[in-house]
There are 2 protein chains.
Amino acid sequence: MAKIIVEVALKPEILDPQGQAVASALPRLGFTFATSVRQGKRFEIEVAGEVTPAMLADIEQAAQTLLSNPVIETYVVKVEA
Amino acid sequence: MAKIIVEVALKPEILDPQGQAVASALPRLGFTFATSVRQGKRFEIEVAGEVTPAMLADIEQAAQTLLSNPVIETYVVKVEA
């Protein structure tokens with residue numbers, strides 16, 4: 001059983017109101033470390049058996065069509081041990 | 001300028017309707033690789049200067065109080081190069 005991680009983030013030029021809300025809440029709580037916060041999504045996908053190149057191509061396809069909106073988001077596919 | 005990643009995920013025993021929606025949408029789109037999908041959040045935090053142990057302790061604290069709900073979620077803090 002392998003685990004695939006798909007990380008989806010807004011493109012840098014796209015406004016991120018959730019991230020901005022976090023960035024402005026941090027100093028109110030006394031945390032001054034952040035210069036910028038961006039919020040994204042993370043999908044943990046469990047797959048049966050070995051990760052094959054064909055499966056990875058399928059996952060890329062799913063990341064592009066279902067998990068992210070390629071107009072405003074980018075994604076990264078990672079295979080976990 | 002360093003980048004800190006905070007990954008927030010629902011605890012395994014907590015129901016994840018978003019993940020379930022993705023898991024049931026995948027086969028409808030012809031993707032049969034997934035046995036389970038869990039959806040979480042990901043925060044990219046840019047910090048000025050070096051990452052110090054005191055700053056990391058602050059970030060842990062912020063992850064616990066603002067970025068995650070410790071009753072139902074777990075978090076991981078990662079430092080990116």
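What nm distances, shortest first, do you get from the label point of A:Val77 to those in the other copies when the point sits 7 angstrom along Cα to Cβ?
Computed spacing set for this position: 3.3 nm.
Helix A:53-62 against the longest principal axis of chain A: what's the angle in degrees, Cα atoms only, rounded to the nearest 10?
40
Net charge around A:Gly40, counting only other residues with Cβ within less than 11 Å of its Cβ (Lys, Arg = +1; Asp, Glu = -1)?
Numbers: positive: A:Lys11, A:Arg38, A:Lys41, A:Arg42, B:Lys41, B:Arg42; negative: A:Glu7, A:Asp16, A:Glu73, B:Glu7, B:Glu44.
Combined, the nearby Lys, Arg, Asp and Glu give +1.
Tell me what the protein assembly as shown gives for mean residue ellipticity at 222 nm when only DSSP H runs of n ≥ 4 count, each as -39,500 (n - 2.57), the sum divided by the residue total, rounded to 500 deg cm²/dmol.
Value at 222 nm, helices only: -8000 deg cm²/dmol.
Which chain A residue puts its Cβ closest to the axis that rotates A onto B, and at what distance in whole Å?
With distances in whole Å, chain A gives A:Arg42, 2.
Given contacts defined as C-alpha pairs under 8 Å and at least six residues apart, what's the relative contact order of chain A, whole-number percent?
Dividing the mean separation by the residue count of chain A yields 54 percent.
Angle between the Cα long axis of helix A:17-28 and the longest principal axis of chain A, 0 to 90 degrees, nearest 10?
50
Rounded to the nearest 20 Debye, what is the dipole magnitude of the stretch B:2-80 about its Cα centre when Lys and Arg each give +1 and Asp and Glu each give -1 at the C-beta?
420
Tell me the label-point distance for the pair B:Thr32, A:Glu13, using the 7 Å Cα-to-Cβ offset, in nm and rounded to one decimal.
Result for the modelled spin labels: 4.1 nm.
How charged is the neighbourhood of B:Met1? Take every other residue with its Cβ under 13 Å from the Cβ of B:Met1, and add Lys/Arg as +1 and Asp/Glu as -1.
-3
Any idea what the A:Ala54 label distances to the other copies are, label 7 Å down the Cα→Cβ vector, nm, shortest first?
Label point to label point, same position, other copies: 5.8 nm.
Provide, for the protein assembly as shown, the number of lysine pairs with alpha carbons under 17 Å apart, each pair being eight or more places apart or on different chains.
Step by step, the pairs that qualify in the protein assembly as shown add up to 18.
How about the stretch B:45-80: which GluC sites (Glu not before Pro) there are in a DSSP loop, with at most 12 other Cβ atoms within 10 Å of their Cβ?
B:Glu50
Label-to-label distances across copies for B:Leu15, with labels 7 Å out along Cα→Cβ, in nm, shortest first?
3.5
Bear in mind these aren't lab numbers, they're just calculated from the coordinates by the rules spelled out. Note that this is a predicted model, so its numbers are computed, not measured. Cβ: placed from backbone, ideal geometry, glycine included. Neighbour counts: every protein chain shown.
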